[in-house]
Amino acid sequence: MFYKYMFYKIKETKTTDLKYIAIQVLYLTTFGLASLAKWRPIGIPEGFIDRFGETWLGTLPGGLFLPYYTIAVSETLIFAFFLLSIGRLEWVKSSDKMYLRLGLILSLFVFVILAFGLRLVGDFGGTANTFFYFGVTLFALYICEKDRSTSQIE
């Protein structure tokens, strides 16, 4: 019964729905690889310590543990949201796209955190790139919300 439902949903996919698959795969690879790099090997990398250890982040109780693992956990959670989004077939127009939207919203906050950190250490080029990522993510969220509002009207 479940397979018939899934097959029906996949069969319902239109060419215009493929944009959601592209969004899901892009963020899956981006945050999947980023989170994997944060967890292997275990511990805060020397490069992160060298870059942020002399900032006020290094003076926090526990040092750089909280900033580093906030990013690592957030990126892993974003990856999980996009994985759930694909598993729930959220690319189909009639689906709710809850996990897709959650992943995009959390991505916005992670990009803010990353931009702040890069600005803190004077990496202005990296900060500019992060603004670009933020903008593209905001546009992807706009597409999801726009399609959501038009599907509620119909």
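Annotations
- Cβ charges +1 (Lys, Arg) and -1 (Asp, Glu), total dipole of the chain, debye: 580 debye
- Structure-derived Rg and Dmax of the Cα atoms in Å - corresponding label in (i) 16.9, 58; (ii) 18.3, 59; (iii) 14.3, 42: (ii)
- Hz values of 3J(HN,Hα) by residue in segment 129-135 - Karplus curve (6.51, -1.76, 1.60), Gly and Pro given as x: 4, 5, 4, 4, 4, 4, x
- Taking the chain and dividing mean pair separation by its residue count, relative contact order in percent (alpha carbons under 8 Å, at least six apart): 24 percent
- The lysine pair tally for the chain, using Cα distances under 27 Å and a gap of 8 or more places or different chains, is 20.
- As a proxy for reagent exposure, ranking Trp91, Trp39, Trp56 by other Cβ atoms within 10 Å from fewest up yields Trp56, Trp39, Trp91.
- Local charge for Phe116 was computed over the other residues whose Cβ lies under 14 Å away, with Lys and Arg +1 and Asp and Glu -1, and equals +1.
- Among Val92, Tyr69, Pro45 the positive-end extreme of the charge dipole of segment 40-100 (Cβ point charges): Val92
Values quoted throughout were computed directly from the atomic coordinates according to the rules given, and no laboratory measurement underlies them. Not measured: the values here are computed from a predicted model. When we count neighbours, we look across all protein chains shown, and the Cβ atoms used for this are built from the backbone with ideal geometry, even at glycine.
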